1. Kindly check whether there is at least one residue in the range 108-129 that is under 21 Å from the mean Cα position of the chain (by Cα), farther than 25 Å from residue 26 by Cβ and not acidic (Asp, Glu).
2. Quick one: is residue 188 modelled with pLDDT under 80 and in a loop (DSSP other than H, G, I, E, B)?
3. Return the total of residues in the range 7-59 being among the hydroxyl-bearing types (Ser, Thr, Tyr) and within 25 Å of residue 110 (Cα to Cα).
4. Please go through the range 131-159 and pick out each residue that is over 17 Å from residue 188 (Cβ atoms) and either assigned to a loop (DSSP other than H, G, I, E, B) or in contact (Cβ under 8 Å) with a residue 60 or more places away in the chain (or both).
5. Looking at the range 60-79, which of its residues are more than 28 Å from residue 110 (Cα to Cα) and part of a loop (DSSP other than H, G, I, E, B)?
Amino acid sequence: MPVLVDPRFVKALSHVLRQHILLAAVQGEISPKKLSKALNEGLSQVSYHVKVLRDDCDGMLEEIRTEPRRGAVEHYYRASAKTLLPAKAWRRLKKGLRAVVGAGQASDLFNDLTEALKAGKLQGSHDHIIRTPLVLDPEGRRNVVAIAQWATKEVEDEQQAAAKRMREANGDGGEAAGYTFALLAFEAAWGPADLHTLVARAEGAAIAS
């Protein structure tokens, strides 16, 4: 039976303080001292949970630099885990945990994009990147989520089919390539003025066409 959620996430998210530490580390570099003040938690507690994420969760945090501080050394970390979370596992997560896991997924996506650009990718006929801002009513939001779930299931099925083809070809089925599929559908933080602007643009585009 396939594992639906990486065991690192199970351990990391089992304590609320680790959830906050991981979220902060996804957003930028952290240090136990600064986190202690930001989260209003004891330094020893924060340091302990940072250590758990670094040592006991297969390196979900990595040390990136140190700074001398009045006879001591302050350690800085950032999130490093790259974890595939299938759609079925995502739907089973409690809502409070989705922000943390989602932030990690977004961070991995941006890392993939950055590395692809550095490697001279994103120039082929098999690349497709598009951002479509939408203004939706409740029914529209439900329908878009359903479309996203359907598309994700189709892609997961295609991965299984591709794996079968490659096994049957026994190395003679053409060049295999790493490929990232990302689909984000979420309620944005736009204000009313932004929504009116989007609606006006959409109406203008419809008239022009």
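The values are calculated or read from the model by the stated rules, or taken from the named source; none is laboratory data. Since the model is a prediction, treat every value here as computed from it, not as a measurement. Cβ atoms come from the backbone with ideal geometry, glycine included; neighbour counts cover every protein chain shown.
1. yes
2. So residue 188 passes the test.
3. Result for the range 7-59: 1.
4. 149, 152, 153, 156
5. Of everything in the range 60-79, those that are more than 28 Å from residue 110 (Cα to Cα) and part of a loop (DSSP other than H, G, I, E, B) turn out to be 70, 71.
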